[in-house]
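Reading through the structure tokens given below for one structure.
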Amino acid sequence: MSDAVVVGAGIIGLSCAVRLQQQGLRVTVVTAHPVDQTVSAVAAAVWYPTRTDGTSRVLDWARRTFDELADQARQPVPGVVMRPTRMLLRAPVDDPPWWAAAVPDLRYCPVAPVVPAAGTGPAGGVVAEWRCTVPTVEMRPYLDWLTRRFVAAGGVLRQRDLSNLAEAGQLAPVVVNATGLAAGRLAADPAVHPIRGQVVLVANPGIATSVRDEHHPDGSTYVHPRRRDVVLGGTFEPGVDGELPDPATSRAIRARCAALVPELAGAAVLAQRVGLRPGRHGGARVEADPAPPAGVTRLIHCYGHGGAGVTLSWGCADEVASLVSEAT
């Protein structure tokens, strides 16, 4: 029997499992889907606490994750790269963003206004940028590395769809619920909801810098290069759960991104992907359950990270490990 079982094998679940192993615990991970079929595998995965409330607790999660990923990039860990990033602003700002304390080289750069070509965006363009270097993660090789690391350290990975969290208690007295969207059912949490995201993957024409225009009036727009491709995004659709790519949406994404980074014009389309981010009204839930089910000594919830799962993963895993250590 294991000391702890983590339910869920996305970025949150695997990060928690590794942290618990580092405390000396025997850990089992139970997942309803193969790791490469989780929503984490679809993520563009650039460190940035998108659409996340800036509390001191969330800042601590974000800072810890930034530091961990930056260290992994130096090792290097497969898929993890520190990448220059431009975050475009459509109006001047007086104060740094709430997450600035986590990013060592963040700087504010006014720029000459850029007026997009007709039909590609609003008049007025961009007036400033936040520039920095942040971790980026190519998720499939990274998730594969995390899985191999977990198993090599003695971890057990089981594919099984649980009906309830009490079933997990048959494998270990301590249960970590990192089930993402499934937490709505397993934890009876009505605040959990899907946030649909659609992206387009194109061949990389030689782009090395990530660019984000989060306040584009036609939709959040981002260009995230990787080794062989570029992730073009995207959509952020709370409450929408359709998983088939919409061709018209893909065309609109490509047009916005090509207007932002002209080198992308004509780049070959490699794939269109949709993922359902695990949103939660009120933000991520990371806490011990005061009333665990029968047979479970300690139940720790860690879900509801929306589009910031990678950005908050290791910080949340640290807190989960601390909560588990209180029980063990």
Number of positions in region 295-314 that are in contact with a helix residue (DSSP H, G or I) (Cβ under 6 Å, 6 or more places away or on another chain) and among the small types (Gly, Ala, Ser): 3
Those strands (runs of 3 or more DSSP E) lying entirely in region 142-233 with at least 3 residues β-branched (Val, Ile, Thr) and surrounded by 17 or more Cβ atoms within 10 Å (Cβ to Cβ): 174-177, 192-203
Just one of (1) closer than 28 Å to VAL42 by Cβ; (2) at pLDDT 95 or above; (3) of a type in the set (Val, Ile, Thr) trips up VAL174, so point out which. (1)
Determine the pairs where a residue that is among the acidic types (Asp, Glu), located within region 19-43, has a partner that is surrounded by fewer than 23 Cβ atoms within 10 Å (Cβ to Cβ) with Cβ atoms under 8 Å apart, the partner being 6 or more residues away or on another chain. ASP36/ARG140; ASP36/ASP144
Inspect region 138-154 for any residue being more than 18 Å from ASP289 (Cα to Cα), of a type in the set (Val, Ile, Thr) and without any contact (Cβ under 8 Å) to a residue 24 or more places away in the chain and give the result as yes or no. yes
Could you tell me whether any residue of region 251-261 is surrounded by fewer than 17 Cβ atoms within 10 Å (Cβ to Cβ), in contact with a strand residue (DSSP E or B) (Cβ under 8 Å, 6 or more places away or on another chain) and either in contact (Cβ under 8 Å) with a residue 60 or more places away in the chain or in a loop (DSSP other than H, G, I, E, B) (or both)? no
Could you grab me the full set of residues in region 13-29 that are surrounded by 24 or more Cβ atoms within 10 Å (Cβ to Cβ) and in contact with a strand residue (DSSP E or B) (Cβ under 6 Å, 6 or more places away or on another chain)? GLY13, CYS16, ALA17, LEU20, VAL27, VAL29
ARG57 fails exactly one of the following numbered conditions: (1) basic (Lys, Arg); (2) closer than 17 Å to GLY283 by Cα; (3) touching a residue at least 60 places away in the same chain (Cβ under 8 Å). What is the number of that condition? (3)
Being over 20 Å from TYR142 (Cβ atoms), in contact with a Pro (Cβ under 9 Å, 6 or more places away or on another chain), in a loop (DSSP other than H, G, I, E, B) and not hydrophobic (A, V, I, L, M, F, W, C) narrows it down to one of PRO92, PRO78, so name that one. PRO92
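To keep it simple, each residue is scored yes or no on (1) crowded, with 23+ Cβ neighbours inside 10 Å; (2) aromatic (Phe, Trp, Tyr); (3) under 25 Å from VAL223 (Cα atoms); (4) at pLDDT below 95.
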residue: ARG273; (1), (2), (3), (4): no, no, yes, no
residue: HIS281; (1), (2), (3), (4): no, no, no, no
residue: PRO290; (1), (2), (3), (4): no, no, no, no
residue: ILE300; (1), (2), (3), (4): yes, no, no, no
residue: HIS305; (1), (2), (3), (4): yes, no, yes, no
residue: GLY315; (1), (2), (3), (4): yes, no, no, no
Can you name every residue in region 43-95 that is surrounded by fewer than 20 Cβ atoms within 10 Å (Cβ to Cβ), modelled with pLDDT of 95 or more and among the hydroxyl-bearing types (Ser, Thr, Tyr)? THR55, SER56
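Which residues, counting only those in region 1-41, are polar (S, T, N, Q), in a helix (DSSP H, G or I) and closer than 20 Å to ALA284 by Cα?
Keep residues of region 1-41 that are polar (S, T, N, Q), which gives 2, 15, 21-23, 28, 31, 37-38, 40.
Right, trim to in a helix (DSSP H, G or I) and you get 15, 21-22, 37, 40.
Those that are polar (S, T, N, Q), in a helix (DSSP H, G or I) and closer than 20 Å to ALA284 by Cα: SER15, SER40.
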Residues of region 234-250 satisfying the condition of being within 20 Å of the chain's Cα centre (by Cα) and either of a type in the set (A, V, I, L, M) or assigned to a strand (DSSP E or B) (or both): GLU237, PRO238, VAL240
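The values are calculated or read from the model by the stated rules, or taken from the named source; none is laboratory data. Keep in mind that this is a model prediction, so the values were computed, not measured. Using ideal geometry, Cβ is built from the backbone for each residue, glycine included, and neighbour counts are taken over all protein chains shown.
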